[in-house]
Structure formats: C-alpha cells, structure tokens
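Colleague: Quick one: the structure is below, questions incoming.
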Amino acid sequence: MNEKQLLFEISHIANQSAGFAEAVERIGALMEQELGGKGLTVSQLGDSSLDLGGIAATAEQFFEETAGLPCRSLYTVALRANGRELGRLVAFFACADSSDRQRQRITGFAGEQLGMLLERLRLAKQRRQLRAEISRIRVSISTRKALQRAEGILARRGFDSAMARDWLRREAARRGLSVAATANRVFEEEASRVEEPLAIPVRLSA
C-alpha cells in the first residue's frame, strides 16, 4: 500500500468507525502492518488516566523491547479540531528500514483525522444532550399545563390548590398513573360531560 492509499484508508477508518477507541485500534493495526508501527497511545485533554509519566514509561518499555532493531522512532502529535487541541497521539515504530519522514507525515495525518473524529463525537454528544433537555422541558411544560387545567376544574368543585394537588396525587396512586396522566383524565372527563338540556314547557294550542 503506497502512502496515498494509506492516507485514504486512515481517513476512511476515522470516518466509518463507531467510536474513538475502535478508530485508534484499527489505525494502529494498519500502521503496524504497513509501517512497522508498534502501538498508538492517545491522551485526551482532561483525561488523567494517561499523564506524561505514563507516556514516558510506555516509551521506555518500547525502546527496551525493540533494542535489537536498527530503526526505532517515536512521534507525538496534537489531536486538533477547529484550532483547538483535544489531546495528543503518540506513535511508536520499530522496523529494519528507515523511512522516518513518511512515518512522521502519516502520524501527523492520523492525528488530524482522530482529532476531527473526537470533535464530531463531542458535537454528537452535545446534540443528544440538547435533544434530551428539550424533551424534558416539553414534558415539564405539558405536565404543568395539565395540572393547572385539572386544578381549575377541581376548584369549581370546591377544592383549593393544595387540596387539588393532594387529590391528584392520591388518585394517581390509586389508578397506577402519573400525576400528569391523572390530570389529563380529569380534563378529558370534564370535557366529555354533556349538559342536560333545559326542560322548556311548551303550551299546545287547542
């Protein structure tokens, strides 16, 4: 696989992977197969699981394990998106030949792709949270309206606000419904009532 094909495949993995960890694993396996990569280490900003000491220990172990190979290298690049640094990627290589410039370019490209993936995942999470918040607000507004309507109906039957809320809670427990559903039942039952027509006397002429 030439460099252009390798870059295309890295881009494809970053765009098609279901999650960040999967993308890192697949790109690492690809770089191991094509470039003699020996591992990718990713540290996201705000993630305390991998500090500089952890990276240094990993690098020391890598150089010890690959001491017999003539070409060993380590590259670290920033994971960036929209001008912001989201973390760092550390790539380890060990092989018999030396083509460091190509490995450096491909590591940089992998960092760019993974950075954009992190940003997409972050935005997707924000959108999910926003949709959940909008849904919660809609439910809250709907519940408030239902309670206000039911309290108004019960007020016409002699209940004050506290009595109405207490009655709705007890009725909801009795029926096994939510308070909002019970309030809607009160409104529906009231709306379905049909007023009996007034009896109007009619005088028949002889």
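Colleague: Against the definition (at negative phi, modelled with pLDDT under 85 and out of contact with any Leu (no Cβ under 8 Å at 6 or more places or on another chain)), how does THR58 come out, yes or no?
Modeller: In short, yes.
Colleague: Kindly indicate whether any position in the stretch 176-185 is loosely packed, with under 12 Cβ neighbours inside 10 Å and at pLDDT 90 or above.
Modeller: yes
Matching residues to (1) more than 30 Å from PHE20 (Cα to Cα); (2) touching a helix residue (DSSP H, G or I) at 6+ places or on another chain (Cβ under 6 Å); (3) not hydroxyl-bearing (Ser, Thr, Tyr):
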{"residue": "GLN129", "(1), (2), (3)": "no, no, yes"}
{"residue": "ILE134", "(1), (2), (3)": "no, no, yes"}
{"residue": "VAL139", "(1), (2), (3)": "yes, no, yes"}
{"residue": "LEU154", "(1), (2), (3)": "yes, yes, yes"}
{"residue": "ALA162", "(1), (2), (3)": "yes, no, yes"}
{"residue": "GLU171", "(1), (2), (3)": "yes, yes, yes"}
{"residue": "VAL179", "(1), (2), (3)": "yes, yes, yes"}
{"residue": "ASN184", "(1), (2), (3)": "yes, yes, yes"}
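Colleague: Could you list, in sequence order, the residues of the stretch 6-15 that are in contact with a helix residue (DSSP H, G or I) (Cβ under 9 Å, 6 or more places away or on another chain) and modelled with pLDDT of 90 or more?
Modeller: Result: LEU7, GLU9, ILE10, SER11, ILE13, ALA14, ASN15.
Colleague: Would you check if GLN113 is surrounded by 15 or more Cβ atoms within 10 Å (Cβ to Cβ), touching a Phe, Trp or Tyr at 6+ places or on another chain (Cβ under 9 Å), among the polar types (S, T, N, Q) and at pLDDT 75 or above?
Modeller: On the way: surrounded by 15 or more Cβ atoms within 10 Å (Cβ to Cβ): yes; touching a Phe, Trp or Tyr at 6+ places or on another chain (Cβ under 9 Å): no; among the polar types (S, T, N, Q): yes; at pLDDT 75 or above: yes.
Criteria not met by GLN113.
Colleague: For the stretch 87-138, which positions are in contact with a Pro (Cβ under 9 Å, 6 or more places away or on another chain) and either outside the structural domain of GLU25 (by TED's automatic domain parsing) or under 25 Å from HIS12 (Cβ atoms) (or both)?
Modeller: The answer is CYS95, and nothing else.
Colleague: Shifting gears a bit: Conditions first: (1) touching a residue at least 12 places away in the same chain (Cβ under 8 Å); (2) surrounded by 13 or more Cβ atoms within 10 Å (Cβ to Cβ). GLU85 passes all but one, so which condition is the exception?
Modeller: (2)
Colleague: I'd like the residue in the stretch 19-39 that is without any contact (Cβ under 8 Å) to a residue 60 or more places away in the chain and aliphatic (A, V, I, L, M) and, out of all such residues, is surrounded by the fewest Cβ atoms within 10 Å (Cβ to Cβ).
Modeller: ALA21
Colleague: Now for a different question. Answer yes or no: is there a residue in the stretch 145-153 that is part of a helix (DSSP H, G or I), under 30 Å from ASN82 (Cα atoms) and either touching a Gly at 6+ places or on another chain (Cβ under 6 Å) or at pLDDT 90 or above (or both). Talk me through it step by step, then tell me what you get.
Modeller: Let us first name the residues in the stretch 145-153 that are part of a helix (DSSP H, G or I), namely 145-153.
Now drop any that are not under 30 Å from ASN82 (Cα atoms), which leaves none.
No - not one qualifying residue is present in the stretch 145-153.
Colleague: Same structure again: Does ARG170 fit the bill of being loosely packed, with under 10 Cβ neighbours inside 10 Å and either at pLDDT 90 or above or not assigned by TED's automatic domain parsing to the domain that holds ILE141 (or both)?
Modeller: no
The values are calculated or read from the model by the stated rules, or taken from the named source; none is laboratory data. Quick caveat, the model's predicted, so the values are computed rather than measured. Don't worry about glycine lacking a Cβ; one is built from the backbone with ideal geometry, like all the others, and counts go over all protein chains shown.
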